[in-house]
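Okay, structure first, notes after.
The values are calculated or read from the model by the stated rules, or taken from the named source; none is laboratory data. All figures in this text were calculated on a predicted structure; none of them were measured in a lab. No Cβ is skipped: glycine too gets one built from the backbone with ideal geometry, and neighbour counts run over all protein chains shown.
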C-alpha cells in the first residue's frame, strides 16, 4: 500500500536521483548503455531475429521504431550509441527503421511530452510527434492503388522510394490479363546494362510476379524471385533461385508454400557431381498455453522457441554441469538449437 502512494514515489525518486549524483548508484542511462554492451544485447537480437524471421516467411514488411528516452533531448542526449546500435542492426538485416529522436524529438523539452515526473510515458503531444513522423515516412504508400497485390514484388524501401517499376506496375495492374506477360526493366541509366527485370502475368486465375536481378555486367543472373498469389492476393508460394556467379547456374533454391496455417520451406543445395542436399522446415508460429501457467512459443511444428532469458538463468543457476552429465548434455543441446536459425552468436557469447 505504501509503495503505491504518491508521497512514497516522490521521495523514492528524489533519493535515487541524489544517490546517482553522489556516485553511490549508477545512473539509469549508464545501466541502459551497459545492457547494450553485454549478453543482453545478444538476447534482444534473438527476439528481434525471431520476429523478423516470422515476418519474412509471412511476407510482412517489418518496421522497427526507436522511441527516445524522455531525458535530455538536446545535443547531450545520453544514449545515442544505443540508437546507433539498433539502427545498425536494422541496416544489416534490411529492416526499415525509424529513429524518432532524429525524426521529431531532438531539441524538444521532455517535460512537455511526458504524462508526469513519475510516469514518463508519452502524453498526447508526444504521441502526436510519433504519429506525424510515421505519416511522413509512409505517406508514399498511399499513392499505390493496388498495394495489397504488388507489394509482394518489392521491398518496403523500394515502395517508399517510389520505385519507377513499382509505379508502372501499379498503373498497369488492371491491364494484366490471362497469358499476357508484362515486362518492366530497370537499368539505372546504365547503357545496355539491365539491373533487374520484372515479369507479371495471370495464369489459371492466379497472379505471378517473376523478378530477375542481374550482376553488374547486366548479363548474368544473380537471383530470381517468383511469387504466386491467388485472385484475392493471398499468398500461394514463393521460389527464390540463387545463381553461382562463376558457373552461371542455380546454386540453391528456396521454395516456400502456404499449407493451411503452416508454411513449408524446402531448401535445395546443388552440389558438385550433380548431388543435391535438401533441408525442409515446417513453420507454424503459435503459442501453447502450459498447464502450470504461461505460454510456450513454437516456430516450427513440434519445436519450442527457447527464451534466451530462461537459458541465461539456467546457465547462472547451474555453474558446474560437470557434476551432472545428463544436465550438461541437455543444456548444450539447447544451445545447439540456436544455430538452427543462425542465432549462434547468442550461444557463442554464453559459452564464452
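Scanning region 250-274 for residues that are under 26 Å from residue 215 (Cα atoms) and free of Cβ contacts under 8 Å to residues at least 12 places away in the same chain gives 271, 272, 273, 274. Taking the numbered list (1) more than 28 Å from residue 260 (Cβ to Cβ); (2) outside any strand (DSSP E or B) in turn, residue 233 passes all entries but (1). Please enumerate the residues belonging to region 85-100 that are assigned to a helix (DSSP H, G or I) and touching a strand residue (DSSP E or B) at 6+ places or on another chain (Cβ under 9 Å). Hits for region 85-100 are 86, 87, 89, 90, 91. Restricting to region 214-229, name every residue that is over 25 Å from the mean Cα position of the chain (by Cα) and either surrounded by 13 or more Cβ atoms within 10 Å (Cβ to Cβ) or not in a loop (DSSP other than H, G, I, E, B) (or both). Correct list: 214, 215, 218, 220, 221. For region 94-111, the set of residues classified as under 20 Å from residue 79 (Cα atoms) and surrounded by fewer than 17 Cβ atoms within 10 Å (Cβ to Cβ) consists of 102, 106, 107, 109, 111, listed by residue number. Return yes when residue 120 is assigned to a loop (DSSP other than H, G, I, E, B), in contact (Cβ under 8 Å) with a residue 24 or more places away in the chain and surrounded by 12 or more Cβ atoms within 10 Å (Cβ to Cβ) and no when it is not. It is true that residue 120 is assigned to a loop (DSSP other than H, G, I, E, B), in contact (Cβ under 8 Å) with a residue 24 or more places away in the chain and surrounded by 12 or more Cβ atoms within 10 Å (Cβ to Cβ). When residues in region 123-147 are screened for being part of a helix (DSSP H, G or I) and either surrounded by 12 or more Cβ atoms within 10 Å (Cβ to Cβ) or on the phi > 0 side of the Ramachandran plot (or both), 15 of them pass.
For residue 106, the requirement of being modelled with pLDDT of 95 or more and more than 16 Å from the chain's Cα centre (by Cα) is met. One residue alone among 270, 282 is within 23 Å of the chain's Cα centre (by Cα) and not assigned by TED's automatic domain parsing to the domain that holds residue 346, and that residue is 282. Taken together, the criteria place residue 91 among residues that are surrounded by fewer than 14 Cβ atoms within 10 Å (Cβ to Cβ), assigned by TED's automatic domain parsing to the domain that holds residue 40 and closer than 30 Å to residue 30 by Cα. The residue that is nearest to residue 219 (Cα to Cα), counting only those in region 234-249 that are buried (at least 16 other Cβ atoms within 10 Å of the Cβ) and either touching a residue at least 60 places away in the same chain (Cβ under 8 Å) or over 26 Å from the mean Cα position of the chain (by Cα) (or both), is 238.
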